[in-house]
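Taking it in order: structure first as structure tokens, then the write-up.
The values are calculated or read from the model by the stated rules, or taken from the named source; none is laboratory data. Keep in mind that this is a model prediction, so the values were computed, not measured. Here the Cβ positions follow ideal geometry from the backbone for every residue, glycine too, while neighbour counts run over all protein chains shown. Note: accessible area is taken over every heavy atom of the protein model, side chains too, but ligands, DNA and RNA are not part of it. Shrake-Rupley method; radii C 1.70, N 1.55, O 1.52, S 1.80 Å.
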Amino acid sequence: MKKLLLTAVAVLLCCMVQAQTTLQILGKSHAMKRVEINKKYLLLPVQEKEDIAEVHVLVGSHLVQSLNVRLAVDKVDYYVPLEISRYADNVDKNSHLLLDITFHGDRRFTGAMKDFLCWKEMKLSDTFDTKNRETYRPTYHHTPAYGWMNDPNGMFYKDGVYHLFYQWNPYGSMWENMTWGHSTSRDLIHWEAQPTAIEPDALGQIFSGSCVVDKQNDRVVAFYTSAGKSQVQSMAVSADNGITFQKYEANPVLVSTEEDFRDPKVFWNAEIQKWNLILAAGQEMYIYSSKDLTNWTYESAFGKEYGCHDGVWECPDLMKLHINGTDKEKWMLICNINPGGPFGGSATQYFIGDFDGKKFTCDDAPEETKWMDYGKDHYATVTFDNAPDGRHIALAWMSNWQYANQVPTKQYRSANSVPRDLGLFEHEGEVYCRVTPSKELLALRGKVLNKLSQACEIVVDVKGSTEIVLSNSIGEQVVMTYDAAKHEFAMDRTRSYASFSENFPVKTIAPTYGDIKQLRIFVDHSSIEAFDADGKMAMTNLVFPSEPYSKISVKGGKATIYSLAP
């Protein structure tokens, strides 16, 4: 009898454990699922066509994490990792996490929630495979190992290492769950993925911002937008060169009644011996100053009636630059705008003038708009803090908000541009931004090729008007032309594969501000970046050929093709 009783108790306990791990459907859009913490990750199955599901992660009755993920209903596009081992110390032995999940899809199209494929496909694992399986992933451009990426953030150089943070969604390859991802490099070409840097909190998602090297206090300080019910500015401090950050206890450090109030760029201004902060506020830029990086004084605003105002102003930068071939200097204010770009969607404009630490005074006519890059896929351009040798090295997000969520990749979405050094040049009495590929790209050159490669640099010595055509065996092509009489460079990708968006086919045209003698064209699987070798023209465009471009035709110039293989 005693033996039977013990057996019954054992069976009951077993049933209780099963009940704890069984899916519980609580309504037509609400479910709970308990997950045992015996592996590092819970792999979540994603189906991109579905609406997001809100997932609240609870330990006991405490909310420890919230995320949005497009959980698979009837097909798995890929998996994303939810690191559950981080909560192992917060639960008792044999305890579980509770996933509280709310779906937003229309049941008429998705069916009964109990039948969703995600319940069968959630997997516990100690590893997550990030091996590249993408046809279009670049060879020598920075990309995230997985997930969505947009704006470059918080870039700085310290102790021989370049740090690149970026807007990142760890739980899917479409925009959501904004977090700061992190990569490092010693040469701006070879990038190593680092642990997640800054995660969302009660103030909101982590939008764009910057980092500064505070040499006096031997620390790195990050400033970013906390995007919750309002957009406010927050601060975090790193004592280990940007590997980990501690959020400032008195966040936020700046607030406003402006609805769009974001993207703080901070820099040390030696001329006034203070820190300056510039951020986007609607269609203006607000400028602040501080002695200690914590207490900020509003100084002025810039932007009304200047430049393009067809969209929201974002991601500013402000720097003093040398005018090439002279002993003069000017300040340049970078202003990214979306929409309103010269060929639709997002782009980078800039203003030339003077800055006294309090007010930026623009030299350009109010109605004049100057574009840094005349392609369609160059946005959120910002520079590295503390770059060596006084350089101003910029990276851009190589995409466009018109179609960024739809480009034909799944494991990841978006790359950064090649690094570019910024300066200034004069033409017919006007000052313009000078953009040249960073010198580190020269070290990447390999052997000279006798045919086109998916990862190469094409150097074209120009002899008057020139035409360069890249094509494949099925008739897809990109046509680049330089019109010496009009002083214009154009890139036509209308015959490149573009079925994912009606906004993708386009011919982009740039002024060259005088003659071009040499073109440098960087090709990397799904992108083409063309530069005047003297820095007077830059054009960045994505391409997605159905098969790689294998042929090159050049009229009016001589081309040399260099292999580029990190």
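Which net charge results for the neighbourhood of Tyr350, defined as the other residues with beta-carbon distances under 12 angstrom from its beta-carbon, given Lys and Arg at +1 and Asp and Glu at -1? Let's see the in-between values first.
Working: positive: Lys330, Lys370, Arg434; negative: Asp317, Asp363, Asp364, Glu368, Asp373.
Here the charged neighbours net out to -2.
Could you report the chain's accessible area per residue, 1.4 Å probe, as an integer in Å²?
Accessible surface, normalised per residue, equals 43 Å².
Computed extension length for Ala202-Arg391: 64.3 nm, one decimal, from 0.36 nm per residue of separation with the Cα-Cα distance subtracted. Distance between the 7 Å Cα→Cβ label points at Ser499 and Glu249: 5.9 nm. Taking amide H atoms as placed 1.01 Å from N in the peptide plane, the amide H of His142 lies under 5 Å from those of Asn416, each 5 or more residues away in sequence or on another chain. Net charge around Gln167, counting only other residues with Cβ within less than 11 Å of its Cβ (Lys, Arg = +1; Asp, Glu = -1)? Counting the neighbours of Gln167, the net charge comes to -3.
Summing Lys, Arg as +1 and Asp, Glu as -1, what charge do residues with Cβ under 10 Å from the Cβ of Val237 carry, Val237 excluded?
Details: positive: Arg219, Lys247; negative: Asp214.
In short, +1.
Residue order by solvent-accessible surface for Thr512, Thr436 is Thr436, Thr512, largest first, with ligands and nucleic acids left out and a 1.4 Å probe.
Where a ≥ b ≥ c are the square roots of the eigenvalues of the C-alpha gyration tensor, would you call the stretch 283-324 rounded, which needs a/c under 1.5, or, failing that, prolate if a/b is larger than b/c, or oblate?
Values: a/c = 2.42, a/b = 1.29, b/c = 1.88.
It comes out oblate by the Cα gyration axes.
Split the accessible area of the stretch 91-188 by element, probe 1.4 Å, and carbon with sulfur accounts for 47%. Here the simple spin-label model places points 7 Å from the Cα toward Cβ, and for Ser563 and Ile25 these points are separated by 5.7 nm. Figure the gain on full extension for Lys447 and Trp119 (residue separation times 0.36 nm, minus the Cα-Cα span) and round it to one decimal in nm. This chain segment gains 113.0 nm when fully extended.
R0 = 35 Å: FRET efficiency of Lys229 with Asp292, Cβ-based, nearest 0.05? Before the final figure, lay out the partial values.
Working: r = 28 Å, r/R0 = 0.80.
Result of the calculation: an efficiency of 0.80.
Report the paramagnetic label zone for Lys40: residues of the stretch 161-197 whose backbone N is under 15 Å from a point 7 Å from Cα along the Cα-to-Cβ axis. Within reach of a label on Lys40: 193-196. Extension gain, Lys328 to Phe109: 0.36 nm times the residue separation minus the Cα-Cα distance gives 72.4 nm. For the stretch 165-298, just say rounded, prolate or oblate: build the C-alpha gyration tensor, square-root its eigenvalues into a ≥ b ≥ c, call rounded for a/c under 1.5, and beyond that prolate if a/b exceeds b/c, oblate if not. Oblate is the answer for the stretch 165-298, as a/c is 1.5 or above yet b/c matches or exceeds a/b. Rolled with a 1.4 Å probe across the full set of protein chains, the surface gives Tyr482 an accessible area near 10 Å².
When each of the peptides 199-207, 396-404, 117-125 is scored by the mean number of other C-beta atoms lying within 10 Å of its residues, the order from highest to lowest reads 396-404, 199-207, 117-125. Sparsely packed loop sites in the stretch 490-566 (the trypsin sites (Lys or Arg not before Pro) outside DSSP H, G, I, E and B with at most 16 other Cβ atoms within 10 Å) comprise Arg495, Lys517.
Expressed as a whole percent, the accessible surface of the stretch 295-336 that belongs to carbon and sulfur atoms is 41, based on a 1.4 Å probe.
What shape does the stretch 122-224 have by the C-alpha gyration tensor, where a ≥ b ≥ c are the square roots of the eigenvalues, rounded means a/c under 1.5, and otherwise prolate means a/b greater than b/c and oblate the rest?
Oblate.
With a simple spin-label model that places each label point 7 Å from the Cα along the Cα-to-Cβ direction, the separation between Glu258 and Asp364 comes to 1.8 nm.
Heavy atoms only, probe 1.4 Å: what % of the accessible area of the stretch 458-566 goes to carbon and sulfur, would you let me know?
Details: 1880 of 4070 Å².
Heavy-atom surface of the stretch 458-566 belonging to carbon and sulfur, 1.4 Å probe: 46 percent.
In sequence order, the stretch 502-518 has phi-based couplings of 5, 7, 7, x, 6, 10, 9, 10, 10, x, 10, 6, x, 6, 9, 9, 8 Hz under the Karplus curve 6.51 cos²θ - 1.76 cosθ + 1.60, θ = phi - 60°, and Gly or Pro positions carry x.
Based on the Kirkwood radius over alpha-carbon pairs, what value in µm²/s does the Stokes-Einstein equation return for the translational diffusion coefficient of the stretch 395-499 at 37 °C and 0.692 mPa s? After rounding, the answer is 191 µm²/s. Placing a label point 7 Å from the Cα of Ile272 along the Cα-to-Cβ direction, the residues of the stretch 326-363 whose backbone N falls under 16 Å from that point are 331-333, 353-362.
Once the Cα atoms are used to define both axes, helix 2-21 deviates from the longest principal axis of the chain by about 20 degrees. Using the Karplus relation 6.51 cos²θ - 1.76 cosθ + 1.60 with θ = phi - 60°, the per-residue 3J(HN,Hα) values for the stretch 317-326 come to 8, 9, 7, 9, 10, 7, 8, 3, x, 9 Hz, with x marking Gly and Pro.
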